[in-house]
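Participant: For reference, the structure I am asking about is given below.
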């Protein structure tokens, strides 16, 4: 099919989706109770399970304690506004970038917090990408400043990366602990750069603008697998490119299209413990799962406001237990899923199997 015709069809689909959501803007909030929502549907064996959704301090804090804190003036209830990036630290705290700040959801402690308000050492404006190192440093890109800010887990600003003109719209981040590298996607400079996490010195630059393998057209997000291979969402080339740790191109996945396995508006990317590749598509309102060879295995989600449905999904992160966190941007929330793979089976080996 003609590429121009495909782009026109995709644009029309996006416009229709926007209109539909405008019409349903006053629809009641989705049921936050956990239901047994699985993909694929029976009789196939389930691979992905919906866990929960959250978007405000009410979802994590005890209602009575939150109300008392608000009344006493010690706490302000907050909700996500236009979230984008998400990650999880070693203690299970969930960090979500939003307009002007990074929200921190702590389920164990039943509390919420944030970094980047005016009372902190820096006022974040448009934080996008976020990554946390094993030693507890929070790296976040801010497109308003064209910088990467580095915070401690306590929210203290440690340093910043980005001389004038060094970045133009920095986006996704990823950390290679073994090689002590911080990878930064620069959307408008059409490349990926690797910096030392020791001194933030530049180590390597991958790509330039173009459509050939190894080049990019407005890349946005990035992820690493267990071997340190680099997965880059090459958004306006409608594909994912894979590089080895030396920056050598290995493989390209996907192409423009409106069928499963192709891409229309690819955004976030993550890799699970078994090497499956998860790619969010904001036009399809879902995330697609590929095997290591780039073959489509499954897609999860559709347009909507219910559990397992999306309205412009963005960032995605998979934690060490194969829980999947997806930013559902215009539904102002994060949805959590779980890959029912080997790790899940080991955790549930002594428990009765969940019914389909």
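Participant: Can you list, largest first and rounded to whole Å, the semi-axes you get for region 79-220 by taking the square root of 5 times each eigenvalue of its Cα gyration tensor? Could you put the intermediate results ahead of the total?
Facilitator: On the way: eigenvalues 131, 52, 40 Å².
Semi-axes from the Cα gyration tensor: 26, 16, 14 Å.
Participant: From the Cα gyration tensor of region 254-304, with a ≥ b ≥ c the square roots of its eigenvalues, which class applies: rounded if a/c is under 1.5, or else prolate if a/b is larger than b/c, or else oblate? Present the calculation step by step, with values, prior to reporting the outcome.
Facilitator: Values: a/c = 1.88, a/b = 1.43, b/c = 1.31.
In terms of gyration-tensor shape, prolate.
Participant: Using the eigenvalues of the Cα gyration tensor, what equivalent ellipsoid semi-axes result for region 107-175 when each is taken as the square root of five times the eigenvalue, whole Å, largest first? Could the numbers behind the result be given before it?
Facilitator: Values: eigenvalues 91, 38, 24 Å².
They are 21, 14, 11 Å, listed largest first.
Participant: Can you compute the FRET efficiency between residue 196 and residue 302 using 1/(1 + (r/R0)^6), with r the Cβ-Cβ distance and R0 = 35 Å? Round to the nearest 0.05. Mind showing how you got there, number by number?
Facilitator: Details: r = 42 Å, r/R0 = 1.21.
It comes to 0.25.
Participant: Rounded, prolate or oblate for region 278-356? Axes are the square roots of the Cα gyration tensor eigenvalues, ordered a ≥ b ≥ c, and the cut-off for rounded is a/c under 1.5. Write out the running numbers ahead of the final one.
Facilitator: Details: a/c = 2.07, a/b = 1.53, b/c = 1.35.
Judged from the Cα gyration tensor, region 278-356 comes out prolate (a/c at least 1.5, a/b above b/c).
Participant: Using Cα centres only, tell me the gap between region 192-230 and region 239-258 in whole Å.
Facilitator: 12 Å
Participant: Would you please put 305-317, 129-141 in order of how densely packed they are, using the mean number of other Cβ atoms within 10 angstrom per residue and starting with the highest?
Facilitator: On the way: 305-317: 21.8, 129-141: 20.1.
Top of the packing list down: 305-317, 129-141.
Participant: If you don't mind, another one. Dividing the convex hull volume of the Cα atoms of region 159-282 by its residue count, what figure in Å³ per residue is obtained?
Facilitator: On the way: hull volume 12.6 nm³, N = 124.
Residue-normalised Cα hull volume stands at 102 Å³.
Participant: Under a crude label model (7 Å from the Cα following the beta-carbon direction), how far is residue 258 from residue 106 in nanometres?
Facilitator: The modelled label-to-label distance comes out at 4.8 nm.
All of the numbers you see were taken from the coordinates with simple rules; none came from a lab. Keep in mind the model is a prediction, meaning the values are calculated, not measured. Cβ atoms come from the backbone with ideal geometry, glycine included; neighbour counts cover every protein chain shown.
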